[in-house]
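Enquirer: Quick one: the structure is below, questions incoming.
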Amino acid sequence: MTLLTHESPLMLTGKSDFLQFDCDCACPQTPFPITHNLNSNSQFIRNINSYHSLLMNDYHLVYSNDAPIGPSVLNTSAWQRYQSFSQEQLLSEPIDYQLAEQGLIVPSRVTFETCVHPPQQLTAWLHVTNACNLDCPYCYVRKSSEHLSEEIGMIAIKRLFETAQEEQLKTVKLKYAGGEALLHFSLIKQLHSYAIELSQQMGIELTAVILSNGTVINSDIVHWLANNHVKLMLSVDGIGEVHDQQRPTKKGKPTFAILEQHLLQDLLPHGIKPDISITVTQQNADGVADVVQWAIQHNLPFTINFYRENLLSQSKQALMLEEITIISGIKAAYQAIEANLPTYSVLNGLLDKVQSHAHTHTCGVGKNYVVITHKGQVAQCQMHLDETLGSIQQNKIIPLVAQGKIQNLSVDEKEGCKTCEFRYRCTGGCPVETYRVTGRWDIKSPHCHIYKALYPEALRLEGLRLLKLHGLHS
Ligand code: SF4
Ligand code: SF4
């Protein structure tokens, strides 16, 4: 029997506070909205394509794969109203419209249409250099002293803006990467000045991030970052020895203390809050909780990313993603987050490539993402730096990346994903990793068990965060 309650129905959904975090990959920037028929003359019914769990103190977490964003939290009264839609009925109360907006109740006789919006942004990995002062065992870059020349870099920037204009894209996002891109800071400065010039001339928005190991930062870099609004992403794989084991110098020396010193003494005092990218391997999984605690303590956004085995990986056995270890390490990290829950959303960083906005493709590969090598060659993904498709000078970029080997399919085309309740968030994982393990592009991620074990936990954290944000949970 349903208990009667006198409280007003309350539904909480995080909408505008989902941060986009930077990591090594290229996430789609434009999620697709799901078209709803909110005609109150239609009968509505509970969406079977949804997930729910009891959160705490009679608050329920609900999530629909068909929602543009989510999850949501319902109080008992809203939950009871939601339950009542097990029988089809008309929308009549304000809460009904909120439930419909989140795809938790759907028109009983109308099928949903998914409307994929065209991309708004061209994202480019600019491979500044093959050189690095570190020797991380999972790195996919064939190290050498080779780097981008000013001439090729300028041509690349020009071609990227021309491409954005041709494709009617509003934004160019540059990822200055390597190797250790900051080993060539003066080149980055030159290229970025030119990018700003073209951005202003062509009316195309510019955003940029430098991907770095955080060990070669100096005051020039700090001031330039602060003055040019260029973001910084630092790779941190553990605290102290855990980081040092996974990210040592070429001579095997530790690097965490140097990185932390730069963070505390140079970056934070100048208002620079880098995004922290954590690469999880079997080796450091137990230390992920310490990194997220450290990141939250310094108020830094973070992303938890899976290691991707590649031809250059060292100690493959020690790094491989063994499910039980990875799940328990990341669950421990979630417990650490819960113990010190931020009021800003961390959902987009909690699980490799999983995003809170509904979308169909794991990344922009083959569509609106391009990798430019230091030789001015075009590749589809940074994991395929050696598999270039043609020169940036002689080819149109988008058709070039579209014809590459990597097939970046919609999750609706992946076997095993088509009926998954998390498909428009997970989207079936990294295509390169799936192909490496299965030899197929059109199948679910080999790490599906990890996603399925952890995503409900990540949703739960977001639910608790919403309660805390609204003063309903401490
Ligand atoms: S990989 Fe697994 S969790 Fe992800 S969408 Fe496919 S079936 Fe769902
Ligand atoms: S294919 Fe995989 S590694 Fe490459 S950009 Fe996409 S998600 Fe990242």
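The values are calculated or read from the model by the stated rules, or taken from the named source; none is laboratory data. No experiment lies behind these values; they were computed from the predicted model shown. All Cβ positions, glycine included, derive from the backbone under ideal geometry; neighbour counts span all protein chains shown. The accessibility values were calculated without ligands, DNA or RNA, using every heavy atom of the protein model including side chains. Shrake-Rupley method; radii C 1.70, N 1.55, O 1.52, S 1.80 Å.
Enquirer: Among the residues of region 195-211, what is the count of those that are in contact with a Lys or Arg (Cβ under 8 Å, 6 or more places away or on another chain) and either surrounded by fewer than 16 Cβ atoms within 10 Å (Cβ to Cβ) or part of a loop (DSSP other than H, G, I, E, B) (or both)?
Expert: The number of residues fulfilling the criteria is 2.
Enquirer: Can you tell me which residue in region 96-145 is surrounded by the fewest Cβ atoms within 10 Å (Cβ to Cβ), limited to those that are without any contact (Cβ under 8 Å) to a residue 60 or more places away in the chain and among the hydrophobic types (A, V, I, L, M, F, W, C)? Break it down stepwise before answering.
Expert: Start the filter on region 96-145 by keeping residues that are without any contact (Cβ under 8 Å) to a residue 60 or more places away in the chain, which leaves 96-97, 104, 111, 131, 143-145.
Okay, now just the ones that are also among the hydrophobic types (A, V, I, L, M, F, W, C), so 104, 131.
On the way: LEU104: 28, ALA131: 18.
Here the answer is ALA131.
Enquirer: Please go through region 410-434 and pick out each residue that is open to solvent by 10 Å² or more (accessible area, probe 1.4 Å), assigned to a loop (DSSP other than H, G, I, E, B) and within 11 Å of ligand 2 (Cβ to nearest atom).
Expert: Residue satisfying the conditions is CYS430 alone.
Enquirer: Considering only region 240-252, I want to know if a residue exists there that is in contact with a strand residue (DSSP E or B) (Cβ under 8 Å, 6 or more places away or on another chain), part of a helix (DSSP H, G or I), open to solvent by 10 Å² or more (accessible area, probe 1.4 Å) and not small (Gly, Ala, Ser). Can you show your working first?
Expert: From region 240-252, those in contact with a strand residue (DSSP E or B) (Cβ under 8 Å, 6 or more places away or on another chain) are 246-250; that's our starting set.
Cutting the leftovers down to part of a helix (DSSP H, G or I) gives us 246.
With open to solvent by 10 Å² or more (accessible area, probe 1.4 Å) added as a condition, the list becomes none.
No, there is no match, as no residue in region 240-252 is in contact with a strand residue (DSSP E or B) (Cβ under 8 Å, 6 or more places away or on another chain), part of a helix (DSSP H, G or I), open to solvent by 10 Å² or more (accessible area, probe 1.4 Å) and not small (Gly, Ala, Ser).
Enquirer: Which residues, taken from region 457-474, are open to solvent by 60 Å² or more (accessible area, probe 1.4 Å) and among the acidic types (Asp, Glu)?
Expert: GLU457, the sole residue that qualifies.
Enquirer: Moving to a separate point now. Looking at region 212-229, which of its residues are open to solvent by 10 Å² or more (accessible area, probe 1.4 Å) and within 22 Å of the chain's Cα centre (by Cα)?
Expert: Within region 212-229, just HIS229 meets the criteria.
Enquirer: Just give me the residues in region 47-78 being modelled with pLDDT of 90 or more, touching a helix residue (DSSP H, G or I) at 6+ places or on another chain (Cβ under 7 Å) and over 20 Å from ALA453 (Cα atoms), in sequence order.
Expert: Across region 47-78, the qualifying residues are TYR59, VAL73, LEU74, ALA78.
A quick yes/no check of all residues on (1) of a type in the set (Gly, Ala, Ser); (2) farther than 30 Å from ALA164 by Cα; (3) modelled with pLDDT of 95 or more:
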{"residue": "ILE196", "(1), (2), (3)": "no, no, yes"}
{"residue": "GLN201", "(1), (2), (3)": "no, no, yes"}
{"residue": "ILE258", "(1), (2), (3)": "no, yes, yes"}
{"residue": "LEU264", "(1), (2), (3)": "no, yes, yes"}
{"residue": "GLN283", "(1), (2), (3)": "no, yes, no"}
{"residue": "GLY287", "(1), (2), (3)": "yes, yes, yes"}
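Enquirer: Only one of (1) touching a Ser or Thr at 6+ places or on another chain (Cβ under 9 Å); (2) on the phi > 0 side of the Ramachandran plot fails for LEU122. Which number is that?
Expert: (2)
Enquirer: Kindly provide the set of residues from region 144-194 that are closer than 21 Å to VAL216 by Cα and part of a strand (DSSP E or B), ordered by number.
Expert: Answer for region 144-194, where residues must be closer than 21 Å to VAL216 by Cα and part of a strand (DSSP E or B): HIS147, LEU174, LYS175, TYR176, ALA177.
Enquirer: Hey, another quick one. Wholly within region 295-401, which strands (runs of 3 or more DSSP E) include no fewer than the required count, namely at least 2 residues that are under 28 Å from VAL242 (Cβ atoms)? Working first, answer last.
Expert: Working: elements: 302-306, 369-372, 377-379.
Those strands (runs of 3 or more DSSP E) span 302-306.
Enquirer: Okay, moving on. What tally of residues in region 422-451 results from selecting those that are among the hydrophobic types (A, V, I, L, M, F, W, C), away from ligand 1 (no atom under 11 Å from the Cβ) and in contact (Cβ under 8 Å) with a residue 60 or more places away in the chain?
Expert: Residues meeting the conditions: 1.
Enquirer: Across region 353-385, what is the total count of residues that are within 21 Å of GLN168 (Cβ to Cβ), within 16 Å of ligand 1 (Cβ to nearest atom) and open to solvent by 20 Å² or more (accessible area, probe 1.4 Å)?
Expert: Total satisfying the criteria: 1.
Enquirer: Of the conditions (1) more than 16 Å from ligand 1 (Cβ to nearest atom); (2) modelled with pLDDT of 95 or more; (3) at positive phi, GLY416 fails just one. Which one is it?
Expert: (1)
Enquirer: All but one of (1) open to solvent by less than 10 Å² (accessible area, probe 1.4 Å); (2) modelled with pLDDT of 90 or more; (3) over 17 Å from the mean Cα position of the chain (by Cα) hold for LEU350; state the number of the condition that does not hold.
Expert: All conditions are met except number (3).
Enquirer: Which numbered condition in (1) touching a Leu at 6+ places or on another chain (Cβ under 7 Å); (2) closer than 22 Å to ALA285 by Cβ; (3) away from ligand 1 (no atom under 16 Å from the Cβ); (4) open to solvent by 20 Å² or more (accessible area, probe 1.4 Å) is the only one that THR325 fails?
Expert: (1)
Enquirer: Search region 399-409 for residues being hydrophobic (A, V, I, L, M, F, W, C), free of Cβ contacts under 8 Å to residues at least 40 places away in the same chain and surrounded by 15 or more Cβ atoms within 10 Å (Cβ to Cβ), and hand back the single one that is farthest from ligand 2 (Cβ to nearest atom).
Expert: Here the answer is LEU400.
Enquirer: Would you check if there is a residue in region 13-24 being at negative phi, surrounded by 14 or more Cβ atoms within 10 Å (Cβ to Cβ) and modelled with pLDDT of 90 or more?
Expert: yes
Enquirer: Let me ask something else. Determine whether region 368-386 contains at least one residue that is touching a helix residue (DSSP H, G or I) at 6+ places or on another chain (Cβ under 8 Å), near ligand 2 (Cβ under 8 Å from one of its atoms) and among the basic types (Lys, Arg).
Expert: For region 368-386, residues touching a helix residue (DSSP H, G or I) at 6+ places or on another chain (Cβ under 8 Å), near ligand 2 (Cβ under 8 Å from one of its atoms) and among the basic types (Lys, Arg): absent.
Enquirer: Take the residues in region 435-456 that are open to solvent by 10 Å² or more (accessible area, probe 1.4 Å), over 20 Å from GLU387 (Cβ atoms) and of a type in the set (A, V, I, L, M), then tell me which one is nearest to ligand 2 (Cβ to nearest atom).
Expert: Looking at the filtered set, the residue picked out is ILE443.
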